[in-house]
Amino acid sequence: MNSNLSSEIRRQLNPERLPAHVAIIMDGNGRWAKKRFLNRVKGHEKGAETVRTVVRVCREIGVKHLTLYAFSTENWNRPKTEISALMTLLKRFLESERQDLMDKEIRLDVIGQLERLPEDVRASLVDVMNLTSRNKAMNVHLALSYGGRAELVRMTRLIAAKAKAGGLDPDSIDESVVADHLYTAGAPDPDIMIRTSGEMRISNFLLWQLAYSEIFITETLWPDFGEEEFLSILKEYQKRDRRFGKV
Ligand code: FPP
C-alpha cells in the first residue's frame, strides 16, 4: 500500500517531465547493518528489498530505464565471504523476481563483466535476460562487475578492432559511435543519478553517460531508502532547470 504522502507526491509529478532513465549508486548497506550490530550481509539483504521497491515504483509511474550499481569492479577486493554472500543473494533475487518481471513486462539486462561472475550466477542471469528480452514496459540494467573505466577501455578496443579490420574509418568516429560501443548502447543517458549514504563521489559509475545527469546525494542509507524519498527526488528533479551547457 502507498502511504498518503506517496500518493500526494505522485499526484504532484508532471507525467510529461518524468526522467527516461534513473541511475542509482546503492550505498550504505554495510553501515546500516553495523548500526544494528548485524552482519554486513543482513544489510545487503535489506538492500535487496529496496531494489524491489524502486523497481516497482519506476514501473508504476513510467520510468523506462533504471540502472542499479550492484557490484563494481573494485568490489572484487572485498572479503571472499561477503562476495560469495552477495552472489548468493543475487541468484536468489533473480529466482524470486523472475515471474514478477514477466508479469510486469520488465526486461532485465546486465552491464559489466558478466564473464567474471560465478558460473551459476551467470547462468541465472542469462536465463532471466533471455526470458525477459522481449519485454517492453521497462528496462532494469544491473551493473555487475561494472567499472566505468573498464567500459571505456572495452569500447576503445571494440572500435580499434573495427578500424583495424577496415570496417570503420577513424575520421567517422564521433560521440554516437562511442555511445554505440558502450554497454549502455541503445539506452538514453541517465537524467538523474542518485547516490545514497552521503558520499560525494561517482565511484567509477557510468563515466561517459553521466555527463549531463542531475545528481542527487542523500544521507539515507540504501536499506532505509524508500518510495517517498524516491518520489521526492523526482519532484525536485522536475524543478531543476537543465541547460545542457546552454544559457
Ligand atoms: C553498497 O553498500 C552496496 C553494495 C556493494 C551491493 C549492492 C547490493 C544490493 C543492494 C543488494 C543486492 C542487489 C540486488 C540487485 C539484488 P556497502 O556494502 O558499500 O555499504 P557501506 O559503504 O556502508 O559499507
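None of the figures in this text is laboratory data; all of them are computed from the coordinates on show. Predicted model, so just to flag it, every value in this text is computed and none were measured. Neighbour counts run over all protein chains shown; Cβ positions are idealised from the backbone, glycine included.
Structure data summary
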quantity: Total lysine pairs whose alpha carbons fall under 14 Å of each other in the chain (8 or more apart, or interchain); calculated: 6
quantity: Residues whose placed amide H lies under 5 Å from that of Met26, excluding near-sequence neighbours; calculated: Tyr69
quantity: Å³ per residue enclosed by the Cα convex hull of the stretch 57-114; calculated: 97
quantity: Cα extents of the stretch 150-247 along the three principal axes, largest first (Å); calculated: 52, 34, 21
quantity: Percent of C-alpha pairs per 5 Å bin, the stretch 27-158, short to long; calculated: 2, 10, 19, 23, 20, 15, 9, 3, 0, 0
quantity: Enclosed volume per residue, in Å³, of the convex hull spanned by Cα atoms of the stretch 11-86; calculated: 109
quantity: Amide H within-cut-off set for Asn139, under 5 Å, with H built and near neighbours excluded; calculated: His65, Leu66, Arg107
quantity: Mean residue ellipticity (222 nm) of the chain, computed from DSSP H runs ≥ 4 via -39,500 (n - 2.57), nearest 500; calculated: -14500 deg cm²/dmol
quantity: Span-rule helices in the chain, defined as complete DSSP H runs reaching 18 Å or more along the axis (Cα) with Kyte mean at least 0.0; calculated: 119-132
quantity: Sorted largest first, extent of the stretch 82-213 alpha carbons per principal axis (Å); calculated: 48, 37, 30
quantity: Cα-derived Rg over Rh, computed across the chain with Rh taken as Kirkwood radius; calculated: 0.97
quantity: Cα→Cβ-extended label distance, 7 Å offset, between Asn204 and Met102, nm; calculated: 3.6
quantity: Amide H within-cut-off set for Ser72, under 5 Å, with H built and near neighbours excluded; calculated: Ser145, Tyr146
quantity: Of every Cα-Cα pair in the stretch 97-162, the percent that sits beyond 15 Å; calculated: 58
quantity: Length-normalised contact order for the stretch 185-247 - Cα pairs under 8 Å, 6+ apart - percent; calculated: 36
